[in-house]
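A.B. asks: This structure is in structure tokens; I'll ask about it shortly.
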Amino acid sequence: MVGATGYTGRALLRILLRHPRVSVSMVTSSREAGRKLSEVVPEFESVSDLILSPQSEALKRRQDVLFLCL
């Protein structure tokens, strides 16, 4: 997911992290890369240990689906 820390990204993550058939493998943020998602968005502290990557990394990895939340 590109733009995970913005309003749209957070709303979509709330849905996807609870979905039984979805696995979120990458979240990005242009300003917060390298930090834990839960440090930037505390509401995800108990449900995610994902690390925010730079947005450019999203294009380098093979993914089934890529959400652009810009």
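A.B. asks: Yes or no: region 21-31 includes at least one residue that is among the β-branched types (Val, Ile, Thr), open to solvent by 90 Å² or more (accessible area, probe 1.4 Å) and not in a loop (DSSP other than H, G, I, E, B). Give the derivation first.
C.D. replies: Of region 21-31, the ones among the β-branched types (Val, Ile, Thr) are 22, 24, 27-28.
Imposing the further condition that a residue be open to solvent by 90 Å² or more (accessible area, probe 1.4 Å) reduces the set to none.
Taking every residue of region 21-31 in turn, none turns out to be among the β-branched types (Val, Ile, Thr), open to solvent by 90 Å² or more (accessible area, probe 1.4 Å) and not in a loop (DSSP other than H, G, I, E, B).
A.B. asks: When only residues in region 32-44 that are part of a loop (DSSP other than H, G, I, E, B) and over 10 Å from Gln55 (Cβ atoms) count, which is least open to solvent (accessible area, probe 1.4 Å)?
C.D. replies: Step by step, filter region 32-44, then rank; the result is Val41.
A.B. asks: Restricting to region 45-70, name every residue that is open to solvent by 90 Å² or more (accessible area, probe 1.4 Å) and among the charged types (D, E, K, R).
C.D. replies: Selection gives Glu45, Asp49, Lys60, Arg61, Arg62, Asp64.
A.B. asks: Under 9 Å by Cβ, and 6 or more places apart or on different chains, what pairs join a residue from region 1-13 that is within 21 Å of Arg61 (Cα to Cα) with one that is among the charged types (D, E, K, R)?
C.D. replies: Qualifying pairs under 9 Å: Ala4/Arg10; Ala4/Glu32; Thr5/Arg31; Thr5/Glu32.
A.B. asks: Going by the structure shown, is Gly9 surrounded by 11 or more Cβ atoms within 10 Å (Cβ to Cβ) and either in a loop (DSSP other than H, G, I, E, B) or of a type outside the set (Ser, Thr, Tyr) (or both)? Break it down stepwise before answering.
C.D. replies: Details: surrounded by 11 or more Cβ atoms within 10 Å (Cβ to Cβ): yes; either in a loop (DSSP other than H, G, I, E, B) or of a type outside the set (Ser, Thr, Tyr) (or both): yes.
Against the criterion (surrounded by 11 or more Cβ atoms within 10 Å (Cβ to Cβ) and either in a loop (DSSP other than H, G, I, E, B) or of a type outside the set (Ser, Thr, Tyr) (or both)), Gly9 qualifies.
A.B. asks: Go over the candidates Ser38, Ser23, Ser56 one by one and state the one that is free of Cβ contacts under 8 Å to residues at least 24 places away in the same chain and over 12 Å from the mean Cα position of the chain (by Cα).
C.D. replies: On the way: Ser38 fails: over 12 Å from the mean Cα position of the chain (by Cα); Ser23 fails: over 12 Å from the mean Cα position of the chain (by Cα).
That would be Ser56, the only listed residue that is free of Cβ contacts under 8 Å to residues at least 24 places away in the same chain and over 12 Å from the mean Cα position of the chain (by Cα).
The values are calculated or read from the model by the stated rules, or taken from the named source; none is laboratory data. Everything numeric in this text was worked out from a predicted model, so none of it was measured. Because the Cβ atoms are built from the backbone with ideal geometry, glycine has one as well, and the counts that use them run over all protein chains shown. These area figures cover heavy atoms from the full protein model, side chains too; ligands, DNA and RNA do not enter into them. Shrake-Rupley method; radii C 1.70, N 1.55, O 1.52, S 1.80 Å.
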